[in-house]
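Data first, discussion second: the structure below is written as structure tokens.
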Amino acid sequence: MPELPEVETVRRGLEAAIKAPAEIAKVDQRRPDLRVPFPKNLKKRLEGHNVTGFGRRAKYLLLYISSGEVLIIHLGMSGRILITKGHKPEKHDHLIMTFKTGQQVILNDPRRFGMVYLCKEDELEAHKAFAHLGPEPLGNDFNGPVLAARLKGKNTPVKLAILDQKTVVGVGNIYACEALFKAGISPLRKASTIQGARAEKLAASIRDVLTRAIKAGGSSLKDYRQTDGELGYFQHNFKVYDRAGEKCRSCDCDIQRTGGIKRITQSGRSTFYCPRKQK
Ligand SMILES: [Zn+2]
């Protein structure tokens, strides 16, 4: 599933390739629905209008339209965006937008868990996809005190709390493990105890692991299409994720005695951490 860094990389790719304002000459909607129905009269509401900019909120891509509406795209489990020219429609191409320049933006999604919405720009924050969301981890309004306030009084383990989109958006399972490791915080620690300096450290770590992943993604992009046909994880040199039983790179621990990186299950999902470094 594409995570925030992958979606942000797609946004940057679109922004670099499609020079806004860009007139949408033709829209080819090739099926009635993905996980939800396509917006009503999508073709009519897009054709002849300009895309004026590209944004992102959580894991949603936002295409700002000159009509005052915003096209909202979620890539679901297997969705990807292709930027091309003179494309012959392929299986699983569900939406093809052709710009006046001849450039095409294609949404291809074999498993069809993706979603496309269209709403008025001034109703964006109240849209059902966004109304319940917490702050952007890469936004200027995300920091230690903001995170601390959101974790205050929460009895759940901190790992589960930061996966919750109401706390902060876009921190998936892998990035939650990596951020907690970097901050030296146990995934089992009660969320309410993450205050003050600890919250500062965690907020900075979340920002750092996501920023690094975006950087890694930007440099690995080849015409925005991954060779395996899916958006993969860009960052493969994880410090703890999927490294159970291996030596932790931060400790000088005797692996025979300590067992190295530990894997546990929290709410049905794997957590990897170093019990020695993370308290
Ligand atoms: Zn360690």
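The values are calculated or read from the model by the stated rules, or taken from the named source; none is laboratory data. Quantities reported herein were computed from a predicted structural model and do not represent experimental measurements. Reconstructed Cβ throughout: ideal geometry from the backbone, glycine too, with neighbour counts over all protein chains shown.
Of Glu200, Glu178, all but one fail to be of a type in the set (Asp, Glu) and crowded, with 18+ Cβ neighbours inside 10 Å; the exception is Glu178. If only residues of the range 260-271 that are within 11 Å of the ligand (Cβ to nearest atom) and not charged (D, E, K, R) are counted, the one that is farthest from Asp164 (Cα to Cα) is Gly260.
Only one of the numbered conditions (1) loosely packed, with under 13 Cβ neighbours inside 10 Å; (2) more than 25 Å from the chain's Cα centre (by Cα) is violated by Asp33, and that is (2).
Of the helices (runs of 4 or more DSSP H) lying entirely inside the range 111-203, those containing at least 3 residues that are within 27 Å of Ile72 (Cβ to Cβ) and modelled with pLDDT under 95 span 173-183.
Here's the yes/no breakdown for (1) in contact with a Phe, Trp or Tyr (Cβ under 6 Å, 6 or more places away or on another chain); (2) within 16 Å of Val169 (Cβ to Cβ):
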site	(1), (2)
Ser66	no, no
Leu71	no, no
His74	yes, yes
Gly79	no, no
Pro89	no, no
Met97	no, no
Gln104	no, no
Arg111	no, no
Leu147	no, yes
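Within the range 268-279, residues that are among the aromatic types (Phe, Trp, Tyr) have Cβ atoms under 9 Å from residues that are surrounded by fewer than 17 Cβ atoms within 10 Å (Cβ to Cβ) and not in a loop (DSSP other than H, G, I, E, B) in these pairs: Phe272/Arg263; Phe272/Ile264; Tyr273/Arg263; Tyr273/Ile264, counting only partners at least 6 apart in sequence or on another chain. Exactly one residue out of Ser78, Ser67 is in a loop (DSSP other than H, G, I, E, B) and buried (at least 17 other Cβ atoms within 10 Å of the Cβ): that is Ser78.
For the range 19-45, filtering for residues that are under 25 Å from Met77 (Cβ atoms) and either assigned to a helix (DSSP H, G or I) or touching a strand residue (DSSP E or B) at 6+ places or on another chain (Cβ under 7 Å) (or both) leaves 11.
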